[in-house]
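Each reported figure results from applying straightforward, stated rules to the coordinates on display, with no laboratory input. Treat the numbers as computed from the prediction; the structure is a model and nothing was measured. No Cβ is skipped: glycine too gets one built from the backbone with ideal geometry, and neighbour counts run over all protein chains shown.
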There are 2 protein chains.
Amino acid sequence: MAEIKIPDLEQKALELLRADADKIFKLIDVQMENLTMPQCPLYEEVLDTQMFGLSREVEFAVRLGLIEEEIGREIMGSLERKLADLHELYNQNN
Amino acid sequence: MAEIKIPDLEQKALELLRADADKIFKLIDVQMENLTMPQCPLYEEVLDTQMFGLSREVEFAVRLGLIEEEIGREIMGSLERKLADLHELYNQNN
């Protein structure tokens, strides 16, 4: 059996966080596509919950020393910018 | 500088998760002590949010292979039982 090493774990932590961030990106994309449909609510609560969950994972990885704080901020920051785009789009449509 | 090893990281992950679980235990204790006071709401939403956050940390640690799934279930399970005690106490008082 191959020995697990710290760099592998750092890589895996980053991959997991990016995969989870990507799921939220896709959720936001779905929301953006559905904005023009009538009766289609912004699933803000779902998105907020998912963002919170991811932020806890990111923090946990930082506390374990598996990812740099700066990388964590970038992951969350890119999602926050995407969410801001969604809100802007929503405001233009309502 | 001391080299970080996988067993250290497993130990650290477990300590972080237990520390976070302990914070929620304390939140529940505070709620239990305040149940008899008038106008003191059950901070269910706060507790739910904290439980969700911890569950995401636990899952993340399991996905990284740092803790066993069974240990993760024990951590969440002990909190869920404590929460059930709180609800029972609340129902007796209302």
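List of remarks:
- Estimated D of segment A:6-93 in µm² per second, where Rh is the Kirkwood radius over Cα pairs and Stokes-Einstein applies at 20 °C, 1.002 mPa s: 155 µm²/s
- Cα-centre dipole for segment B:28-93 with unit charges at Cβ (Lys and Arg positive, Asp and Glu negative), debye to 20: 60 debye
- Think of each Lys and Arg Cβ as +1 and each Asp and Glu Cβ as -1; about the Cα centre, that makes the dipole of the protein assembly as shown roughly 20 debye.
- For A:Asp20, B:Asp85, order by how many other beta-carbon atoms lie within 10 Å, fewest first: B:Asp85, A:Asp20
- Label points for A:Ala19 are taken 7 Å from Cα along Cα→Cβ. From this copy to the others they lie 2.7 nm apart, shortest first.
- 222 nm mean residue ellipticity, helices alone, for the protein assembly as shown (DSSP H n ≥ 4; -39,500 (n - 2.57); rounded to 500): -28000 deg cm²/dmol
- Derived from the Cα gyration tensor, the three semi-axes of the equivalent ellipsoid of the protein assembly as shown are 30, 30, 13 Å, largest first.
- Label distances, nm, B:Ala84 versus same residue in remaining copies, Cβ-directed 7 Å point: 4.6
- For segment B:11-80 versus segment A:47-94, the spacing of their alpha-carbon centroids is 22 Å.
- Gain upon complete extension [B:Glu33, B:Glu80; 0.36 nm per residue less C-alpha separation]: 15.1 nm
- Counting, for every residue in A:59-71, the Cβ atoms of other protein chains within 10 Å of its Cβ and taking the mean gives 4.
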